[in-house]
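Working notes, structure below.
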Amino acid sequence: DGLFDRAIEVAPNSVSARMGKAMLAVDLKGDLSEIDKQLAQIQPAASDAEGMVGRAYLLMLQRKFHDAVAVLRQVPADAGSNEKPKEYLEGALYTFMNDKEHASSAFQRARSILEKAMQEGSDDAYRHMMLGMVLVGLGEKDAAIAEGKRAMQLLPESQDALDGPKMTVTLAQIYAWTGENDAALELLQRSLITPAGV
């Protein structure tokens, strides 16, 4: 917490520092009140796509889905990351709002962005994992699990002790969302005793 406070002191308008502080409170204590405190301080410019997507994500954690979608609509269509496209977050929000038509459209756009980036760039673990999450949203269970496993092969815990465990936890999430609960629990139990795990 002190680390984020020092970062905010140095750069009061840093979206990542304020998001980090809010997320730490959620992860450690399940405390959502810190999100409101930090959101009040985040005033991303219209051109600040990262800040606006971050704001939408924090609103999603508070289950303010309509507000989050409204923020995402302000993000330019060509903005965002090829690694974690804003369209994925949009699809998740519409899923939580039980709007299957808009969710499917957003996930399809996210899929196109990710697949194009993978064709043009490297075989990146994060892109495979994100594609797996998108495929879950599209109901493509087997393909989603295959992408999650590919990500773990590309970035195993034995190779990267910090980011490798993130791949494991996200594959567990894919398993859980596709109804493979035993497989999800097995990965989560392993992650509980892994440094940098869940």
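No lab work stands behind these numbers, since they all come straight from the coordinates. Just so it is clear, the structure is predicted and the values come from calculations on it, not from any experiment.
The C-alpha radius of gyration of the stretch 61-121, expressed as a fraction of 2.2 N^0.38 Å, stands at 1.13. Along the stretch 23-40, what does the Karplus equation 6.51 cos²θ - 1.76 cosθ + 1.60 (θ = phi - 60°) give for ³J(HN,Hα), rounded to whole Hz, x for Gly and Pro? After applying 6.51 cos²θ - 1.76 cosθ + 1.60, I find 5, 4, 5, 5, 5, 7, 10, x, 8, 8, 5, 5, 4, 4, 4, 6, 4, 5 Hz. Separation of the stretch 168-188 and the stretch 81-160, taken as the distance between their Cα centroids, equals 16 angstrom. In terms of Cα atoms, the Rg and Dmax of the chain work out to 17.0, 46 Å. Of the residues 134, 53, 169, which exhibits the maximal mean-square fluctuation in a Gaussian network model of the chain defined by a 10 Å Cα contact cut-off? Of 134, 53, 169, the most mobile in the Gaussian network model is 169.
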